[in-house]
Amino acid sequence: MSPLTPGSVGRFTFTVDSVTIHFASLTVLIGIGVFVFALRGMSGPSGGGTARAAGGGRGGTRGRFLLTALPTLGAVLGVVFAGDLLTLFVFFEILALLGFFLVRQGDGARGAAIRYFWTMLVGGLVLLAGILLRGGGASGPGSVLLLLGFGVKAGMLPVHGWLPAAHSKAPAPASALLSGVMIKTGIYGIFRVLTDPATPEMLHATVFTLGLAGAAYGALRALVQSDAKRLLAWSSVSQVGVILTGIGAGAWEGSLQHVMTHASAKAVLFLAVGAVALRHGTVQLAGLGGLWRTMPVTFALSLFAGLALMGFPLLRASAGKAEIHHALEGVPSAEAVFFLASAGTVAILLKLIAEVFLGPARDPDPATRASEIGGALTALGLIIAALPLLHPALPTDMPYFVATFGAGTVLYLTWRRWGPAWPPVRIPSLPSGWTVPLPAPPGLPALPEARLQRAVERYAREIAPNLALLFVVLLAVVFVLR
Amino acid sequence: MESILFEIVPELRLHLRFDALGVLFSATAGILWLLVLPGPRRGRRYEALLALSFVLTLGVGTAGNLLTLLMFYELLSLAAWPLIIHDETAEALAAGRRYLAYVLTGAAMLLLGLAVVTLAAGDVGFGTRVEVPALGIVLLLAGFSVKAALLPVHGWVPQAHPIAPAPISALLSGLMVATGSFGMIRLIQVMDPPPLAILTGVSALTVVLAGVVATRTDHLKRRLAWSTISQMAYVPLAISVLDREALAGGIVHITHHAFMKGGLFLCAGLLLHHLGIRHVSRMGGAARRMPWTMGAFTLLSLGLIGIPPLSGFVSKWVIGAGMAQAGAWIPLTVLLTGALLAALYLMPIVHTAWFDPPPSEGPQVDPPPPTLIPVLAAAAITIVLGIGAALPGFPLALARAAARGIGG
Amino acid sequence: MNPRLAAAFVTGLAVPMLAAMAALPRHGSPDQPIHTHVAREYIESGPETGNLVTAILLDYRGMDTFGEVVVIFVGLVAVLVLARHREPALPAASPSPIVAFIVRLVTPFIALFGFHVILSGLEVPGGGLQGAAILGGLVILNGFVFGPQHARSLLPGRLLPWLQGAGPLAFLAAGIVGGIATGFALGYPTHLPLLHEAMLMGVELGIGIGGALIFSRLYLALEDA
Amino acid sequence: MTTHWLPALVAIPIAGGVLVPTMSRRWAPAWGFGVLIATLGVALFLTGLLREDTVSYAVGGWPPPYGIELRFDVLSTFAVPIALVAALAVPFATHSNEPVTTPEGVAVILVGTGGMMGFVVAADFFTLFVFLEVLSISAYGMVAMSEERGAGLAAFRYLLMGTVASIVILLSVGLLYTLTGSLNMADVGQRLPDGGLPLHLAIGGLAAGFLLKAAVFPLHVWLPDAHATAPSAVSAILSGLIVKMGIIGLLRTPGLEHLHELLIWVGAASLLAGALFALVQDDLKRMLAYSTVSNIGLVVLGLAVDRTGATVHILNHAIIKASLFLAAGAFIHRAGSRRIEGTGRSMPLTTSAFAVGGIAAIGIPPTGGFTGKWMIVLGALEAGRWGFAVMILLGAVILALCYARFVVVVAFRPSPADREGTSEAPLVMLVPIFVLAALSVGVGIIGGPFAAFVGK
């Protein structure tokens, strides 16, 4: 049974095929890793002070996290095993709800969580509309809405806004789950839609274009972040873009491979950053440095994961990216953008690893130079890091890697020398009627001037530059695709 | 099964009929009444009228022709009125006056419509289809829309629902408004309606505007009342699509909504009674004081928004599927917008209650089991009806059977 | 009401009424409906009793007369309800001896004449109501002269409640007897002249005595008030 | 068909009434009740006969048109509510300290009942007039019986207006006699000239007189005072029965079809004006009185569009309005004054009956108020008179608000402190109220056969 049949209420159907197994195994493996980390790295009911920095949130974080994370994994499995769209949607919405609680457990995550919730809710409604339309026989518009709905979850370009905020504010293990597992359900959905024969051809190109744009845009945004978790979050946007490019271009196996790569690598990186935060109480790049000495294992694992993500040819993990790249051959413009994104990824990861682990030690306090987080994390990290090695194969595009690596290094160094600090993105608290009630109807209240003022300022500070950048990238993409 | 009793006026008989639609409605009424029965005693008058209005609701459910339907419908309107003003405050009395003015005007329109229909087609039983002038149908629809709280004539709901005692609010929102929609369904069961573009427009407007107003309302029960206006407009919206599946969705929505909104109003009543909370802005930390109550509230809210697999989702899904089948894109959009608005006015309550600090700490004051159980039962029903939607004998099956009986 | 408005109103009503009068069949012309239809039948079939007016009053349209007697009766009773709770009036000032003497003198004659009018109504113009007026007037006259207390003493004490309803009761009795004798209520048995006569006499007497008492009591009740 | 029970219908209550003054105060109500129950029996018997044929009776053996004819037809079935309401009013009044149950009071009621009986069975215009006088004078007396302030003035006003009406009716009867030479209704109907000013004046005069008796707006000015100040038992008779006599008179008027256009407008005006006046009343009985004006308007409107409906409605409204006035009387009795706030709190049964009566008065199915109203609305629609159907329903809505208002006053306002501990009305009041309330629902439930019977 195709997972894209509309389904009927009250009947849950499930299906298993290779794609399902792929996503499911990924979910379970990362889930195990995250749990192990959480058991060790988060505080119990009588949690200590250090745990607050890593896990964030109030006392008793671990229990709450586990209570949320376990059903989250179940819901993810529900999504990927769903035999029809309705079943899928049911788990999808549950996932959205649980995700809210995951994000909400972070310190200062209120705004991000709320934004996440609304985005997911609207995304869910769009998805529902898509499902209904497909069920009603309008497979064209239905597919568009399905893509949009799944795209929201995946962090596809125009609807990615929630992702950096949520991923960076959530507690580290939650971020790992979010980036590693949850956004993959969106990708799973898009994959299913695009592999369905009923989907119009035109949508392949659309996904391809959006993916390409996202890959470049995310990379550029990530490059200018000064917060390690935000950097990783933007990197996720970029990587999702890469995967979507692959799906759109028809490089399906490569895409799935890259899904696995990104999931595991990003989980390791988030957990590593979490471990760093656990020790040092900050994730600001400016406050870190030289940690390779105190946390060598963490460093090694991060490096390993970073290399996998960059597409280091000796790792099997790079095969996916290579296949995606191959699918682009013959379209020079797309290849150019893809190259930019790849170089950007290299620069990002170099930046992360270099700023955190290399260089002079910035932390003068010897008291915090404690041992590493411990054997559990190491074991977990190894499991995760080993994933890309499961199917070792010889690289096929060593030159490409060298080129991207070179370009990325240049990019990183350039930024290091001259790079401007990107204006910090403030997460607006949405919507303002959330807790502060306005005068009751009848008659809708007038828009307060202060709110208007804030809106204008926000537009000038945050939205306008983003739009400009987006515009440039899209223009480039359109230009080269022509 | 039908039973024809008395001839009330020449050619028009008191006529009872048991079909899927009526059984579903009556069963909903029965269970909802069971839920509102526990709680503090409120005196002879209250209990007598409560019982009376239950009987009359059953009458609405089992009416076999238009006249009988209208009869029970009007009597129910009147029987509910003393319940609304039960608290006898000046505010309640004002609300009661307004309620009566609205409901009676609606009744006048219904009667006129019935007269037009009777002149054209005689006794209109629900088993046969008849040809009647469009004017009659329009009048009847307009009359029913007063009770169904469609937009220009919704005015009684936001006043009457918050002012009534909590169990009565639950009944009003759960079933009283539904009788209007029920009447509309009965109408299209027997007559070919004219193009229902106006009904579509009006209900769409109602869904959206009432939802927007609900987000702007601080008074908890009033917000829930606006929510009722918005949510119950789904049913006429579904009717106006003229699709069998959408209709089934509309029918099942009546039942599902009854339990969800009924439960929410009961929760609101408990909040008021145990914590003295009337306003959303005062609800910070309420969930810490009354975790069970607010747990049920949260679940019911999620159900109302239409989060799967709760019952609210089932009705939304079935309505939506029907609309999609019929190619009614605008109603479908409105339907989803309504769900979004439901989230906009319900989730902040939940969020505030669970995550915001309480104004003053205090011990947990969850009500004693007899009062708490109905609320939890409503939540449980929401889950069961959602997950078990496809089981035979469940509302959805009955609604589909009913819609089959109606589908032209 | 504004007097001018009232005048205008009355004029407005009067004009069409006068116009209608003008449009009526000419007064006195023999071919107009009232002379050719029912009334002719009355005249042609002739009075079964001595007097045509009495025949119409008591026979052809006895029911109407019954009704009118009841009207008078109920008028009295209504007044009695109102007067019930008033305190007794003061005794009248002592009358002039001349007037008192003359009234004492004529009282029996007036009474006799009253009864004559009542009973002769069967043959000549007159009848119960006229007699009742005379007898009632007699009581009222006494009341004026000697005060209400004296007038009250002229009335029969214990029998009063029975006798004041004499008019309707006599009609009812006649109705029942006539019903038995002729098969129709208020029918008069022409084949039984004696009974016929007795019934008419009874009715006239009832009307007369009852009416007289009613008039008297009306006077007394008003005097009390 | 002929039966002696027909004249007996008139004779029994009058004989009873004439004999009451001979009795002691103690026995008068019982006697009155017995006589009225006997009358009710006769009325029911005659109504039963009516299923086969109308009953005609030639008084004194003189065949119509020469003698007086009594005729029991569909309209005469009003005798049943007359007897019933009057019978129930008498025991109801025994608890009041007003002189209704003195021998004279009972006599007035009995004779008045006899007058109404004569009125509804009269088939002769002059007889009709005579019995109209009997019942009118009884009615003036009944109003005057009240101990209320202003009752005398109200009665006097009533008397003035009533007398004007009577004179106009008498003049018109005279005109009809001049035109046709006959007084028998059927005969007059056959012998009417085709037209002409006198005919129109006669018909118009009759209609005007009867409309005045029926208290149609704007001729209603006497009614509210009279009905509101009268003792409640009497108000029930006045509002339930006596104003209906005007309608029955209209229904007996020949050539009424010339006046349909007038009637429909007058009726509509009365319907709305009565309802609106009722809305602003602060006194329960005045509200009920204005509600009667409104209902009479409905019936007058109905005369023009659906005579059967109008007839049904006067029958049903008699019972409904009587039950309402009796309930109002019970409230006032327990409150001890016209200030009845909160009285209903301790009188749930009376309040329920009042509510049922109110529902019936508004005309919600399946109560008696619905049947007639429905038929009239249907008639108006059938005649293409849309606006009037709407007006009827509008009037019903306004009336509903009036009744709701007084339900609030009675049952939802706090009672004054000095009236704590009142109790439910005594049984002798409750039973009449409940009999009437039950009947006002009962006649609605069998409204179909009922209307068919009336429409025959």
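The values are calculated or read from the model by the stated rules, or taken from the named source; none is laboratory data. It should be emphasised that the depicted structure is a prediction, and the values quoted were computed from it without experimental measurement. Here the Cβ is made from the backbone with ideal geometry for all residues, glycine too, and neighbour counts use every protein chain on show. Note: areas computed on protein heavy atoms with side chains; ligands, DNA, RNA excluded. Shrake-Rupley method; radii C 1.70, N 1.55, O 1.52, S 1.80 Å.
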Cα extents of the protein assembly as shown along the three principal axes, largest first (Å) = 157, 62, 59
Could you rank B:Trp33, B:Trp156 by how accessible they are, 1.4 Å probe, largest area first?
-> B:Trp33, B:Trp156
Under 20 Å from the Cα of D:Lys321, which lysines turn up, not counting those fewer than eight places away in the same chain?
-> D:Lys213, D:Lys244, D:Lys285, D:Lys373
Expected vector for the range B:151-163, Karplus 3J(HN,Hα) from phi with 6.51, -1.76, 1.60 and θ = phi - 60°, integer Hz, x for Gly and Pro, equals 4, x, 10, 8, x, 6, 5, x, 8, 6, 4, x, 8
Given a Förster distance of 56 angstrom, what is the FRET efficiency for C:Thr107 paired with D:Ile446, based on the Cβ-Cβ distance and rounded to 0.05?
-> 0.30
Sequence-distant aspartates and glutamates (8 or more away, or on other chains) whose Cα lies within less than 20 Å of A:Lys351 = A:Asp227, A:Asp363
In a Debye calculation with equal point scatterers on the alpha-carbon sites of the range A:12-199 and no solvent, what is log10 I(q)/I(0) at q = 0.14, 0.19 Å⁻¹?
-> -0.73, -1.21
Quick calc: nm separation of the 7 Å Cα→Cβ label points for C:Ala6 and B:Ala51 -> 6.1
State, to one decimal in nm, how far the label point of B:His279 lies from the label point of D:Asp53, with both points 7 Å from Cα in the Cβ direction.
-> 8.2
C-alpha center-to-center spacing [the range C:164-225, the range A:205-226] in angstrom | 119
How are the C-alpha pair distances of chain C spread across 5 Å bins, as whole percents from the shortest bin up?
-> 1, 6, 11, 14, 13, 11, 11, 11, 10, 8, 4, 1, 0
For the protein assembly as shown, accessible area per residue (1.4 Å probe, heavy atoms of protein chains only), Å² | 35
How high is the FRET efficiency between C:Arg158 and B:Leu119 when r is their beta carbon distance and R₀ equals 60 Å, given to the nearest 0.05?
-> 0.35
If you average 1/r over every pair of different alpha-carbon atoms in the range A:214-343 and take one over that average, what Kirkwood value in Å do you get?
-> 15.2
Let me know the whole percent of all Cα-Cα pairs from the range D:316-439 that are separated by more than 18 Å.
-> 54
Near D:Asn316, within a Cβ-to-Cβ distance under 13 Å, what is the net charge of the other residues, with Lys and Arg +1 and Asp and Glu -1?
-> +3
Neighbours of A:Ala233 by Cβ distance under 12 Å: Lys/Arg at +1, Asp/Glu at -1, summed charge +4
Solvent accessible area, Å² - B:Glu11, 1.4 Å probe, full protein context = 110
On each of the three principal axes of the Cα atoms of the range C:118-215, give max minus min coordinate, whole Å, ordered largest first.
-> 49, 29, 15
When the Cα centres of the range D:49-73 and the range A:277-330 are compared, how far apart do they sit, in Å?
-> 116
Go ahead and estimate [θ] at 222 nm for chain D from helices alone: -39,500 (n - 2.57) per DSSP H run with n ≥ 4, summed, over the residue count, rounded to 500.
-> -24000 deg cm²/dmol
On full extension of the chain, what length is gained from D:Thr3 through D:Thr94, given 0.36 nm per residue of separation minus the C-alpha to C-alpha distance?
-> 29.3 nm
3J(HN,Hα) from dihedral phi, the range D:255-264, Karplus parametrisation 6.51/-1.76/1.60, rounded to Hz, x for glycine, proline = x, 5, 4, 5, 9, 3, 4, 5, 4, 5
When the Cα centres of the range A:332-355 and the range A:69-137 are compared, how far apart do they sit, in Å?
-> 30
Counting Lys and Arg as +1 and Asp and Glu as -1 over every other residue whose Cβ sits under 14 Å from the Cβ of B:Ala324, the net charge comes to +1
Listed by chain and number, the lysines with an alpha carbon less than 24 angstrom from that of B:Lys221, same-chain partners under 8 positions apart left out, are B:Lys147, B:Lys261, B:Lys316
Do the sum for chain C: with -39,500 (n - 2.57) for every DSSP H run of n ≥ 4, divided by all residues, what is the mean residue ellipticity at 222 nm, to the nearest 500 deg cm²/dmol?
-> -23500 deg cm²/dmol
Quick one, what does Rg over Rh come out to for chain D if you take C-alpha atoms and the Kirkwood Rh?
-> 0.96
With the full set of protein chains present, the residues of the range D:105-133 whose 1.4 Å probe accessible area falls by 20 Å² or more relative to the chain alone are D:Val108, D:Val111, D:Phe126, D:Val130, D:Phe131
CD proxy at 222 nm, helix term only [per DSSP H run n ≥ 4: -39500 (n - 2.57); per residue of chain B; nearest 500] | -24000 deg cm²/dmol
With all protein chains present, how much of the accessible area of the range A:12-199 (probe radius 1.4 Å) comes from carbon and sulfur, to the nearest whole percent?
-> 68
Please report the base-10 log of the normalised intensity I(q)/I(0) for chain B, using a Debye sum with one equal scatterer per alpha carbon and no solvent, at each q in 0.12 (1/Å).
-> -0.86
Leaving out ligands, DNA and RNA, calculate the buried accessible area for the pair B and D with a 1.4 Å probe, summed over both sides, in Å² to the nearest 100.
-> 2800
Angle between the Cα long axis of helix D:348-362 and the longest principal axis of chain D, 0 to 90 degrees, nearest 10?
-> 40
Convex hull over the alpha-carbon atoms of the range D:1-254: what's its volume per residue in Å³?
-> 110
Please work out the FRET efficiency for the pair C:Glu68 and D:Ser423, using the Cβ-Cβ distance as r and a Förster radius of 56 Å; give the result to the nearest 0.05.
-> 0.75
Rg(Cα) of the range B:52-138 divided by 2.2 N^0.38 Å?
-> 1.28
